[in-house]
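Note sheet for the following structure.
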Amino acid sequence: MTVLSRVMLLGPPGAGKGTQAKKIVAETGFVHLSTGDILREEVARRTELGRTAREFMDRGELVPDRLIIDMIRGRIEAARDGFLLDGFPRTVAQAEALEKITLLDVVINIELPREEVIHRLTARRVCRKCGVIYNVLSNPPSANGTCTACGGEVYQRDDDRREVIENRYDVYKASTAPLIDFYRDRGLLREVDGAQPSDVIFSVILSILSG
Ligand code: AMP
């Protein structure tokens with residue numbers, strides 16, 4: 001049983017937020033709110049927001065705060081029985097806007113050093129159909145490049161190319177890492193070492209959520 005139900009995952013790209021988020025929502029039933037996933041859907045559907053967002057995403061830059069807040073506000077308000085924020089907020093301005101919508105119970109910071117981020121993300125692949133995350137070195141898809149869970153096509157995200165990854169990490173350090181102090185000051189921050197095996201990280205997170 002979890003007692004904390006308004007949860008945010010913080011950490012650099014590649015720290016394992018998406019992988020942990022899938023396990024946490026399967027266990028708790030919280031609504032998974034990943035701004036990256038929502039934006040990729042907007043891009044795939046070629047909406048106006050998707051077209052605007054794509055220019056920033058392809059460079060590894062952040063999509064402007066106003067667009068992100070307008071996109072996520074209603075989804076947070078609707079998730080009354082608990083939500084897991086994954087990839088939002090990513091700036092202090094977004095965090096301040098979030099405080100006007102709702103207050104968080106806990107922020108879990110999954111830490112990973114720069115070199116490990118780059119190493120992992122260059123090897124990351126994702127199933128286009130069910131979203132399962134693979135790593136060609138440590139957790140590869142099937143030999144013909146399809147998803148072992150659903151048979152879907154496994155692909156490399158456009159922004160998982162080395163130059164873009166390096167920029168995403170720099171953007172994380174400059175714009176998102178200040179949230180570590182922001183939430184520490186509010187007494188909400190819990191830290192987890194992202195270099196541990198995924199199952200170990202998951203059990204640490206579950207114990208944090210049990211209060
Ligand atoms: P992610 O899947 O979380 O790594 O997000 C992929 C990309 O979507 C990021 O590199 C940004 O371009 C954009 N993005 C996702 N979430 C946000 C956010 N909260 N604020 C601004 N841009 C975002």
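Tabulated data
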read-out	value
Protein accessible area in the range 31-143, 1.4 Å probe - carbon and sulfur %	49
Per residue solvent-accessible surface (Å²) - the chain, probe of 1.4 Å	50
The range 96-194: radius of gyration and largest Cα-Cα distance (Dmax), Å	16.8, 49
Convex hull (Cα only) mean projected area of the range 118-168, reported in nm² to one decimal	3.3
CD proxy at 222 nm, helix term only [per DSSP H run n ≥ 4: -39500 (n - 2.57); per residue of the chain; nearest 500]	-14000 deg cm²/dmol
Eligible aspartates and glutamates near LYS23 by straight Cα distance, threshold 20 Å, same-chain separation 8 or greater	ASP37, ASP81, ASP86, ASP105, GLU111, GLU191, ASP193, ASP199
Cα pair count fraction exceeding 30 Å, expressed as % - the chain	17
Hydrodynamic radius by Kirkwood, which averages 1/r over all alpha carbon pairs of the range 7-118, in angstrom	14.7
Shape box of the range 30-83 [Cα atoms, principal axes, largest first, Å]	35, 21, 18
Relative contact order [Cα under 8 Å, 6+ residues apart], the range 59-188, whole percent	32
GNM top mover of ARG75, ARG124, ARG186 - the chain, alpha-carbon springs below 10 Å	ARG186
Total charge dipole magnitude, the range 1-118, about the Cα centre, Cβ charges on Lys, Arg, Asp, Glu only, Debye to nearest 20	260
For the range 137-211, fraction of C-alpha pairs farther apart than 17 Å, in %	70
Label point at ILE133 placed 7 Å out along Cα→Cβ; residues across the range 16-49 whose backbone nitrogen lies under 16 Å	16-27, 32-40
Environment charge at GLU77 (Cβ cut-off 15 Å; Lys +1, Arg +1, Asp -1, Glu -1)	+2
Listed pairs LYS22/LYS129; LYS17/LYS129; LYS129/LYS173; LYS17/LYS173 exceeding 22 Å between Cα atoms	LYS129/LYS173
Percent RCO, i.e. relative contact order, over the range 126-211, from Cα pairs under 8 Å lying at least 6 residues apart	17
Dipole magnitude of the chain, debye to nearest 20 (Cβ charges: Lys/Arg +1, Asp/Glu -1, about Cα centre)	440
Spatial separation of Cα centroids for the range 69-130 and the range 164-202, in angstrom	10
Antiparallel bridge percentage (DSSP; both residues within the range 71-201; nearest 5)	60
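The values are calculated or read from the model by the stated rules, or taken from the named source; none is laboratory data. Every value quoted in this text rests on a predicted model; they were computed, and no experiment measured them. All Cβ positions, even for glycine, are placed from backbone atoms using ideal geometry, and neighbour counts span all protein chains on display. Heads up: the accessible areas ignore ligands, DNA and RNA and are worked out on the full protein's heavy atoms, side chains in. Shrake-Rupley method; radii C 1.70, N 1.55, O 1.52, S 1.80 Å.
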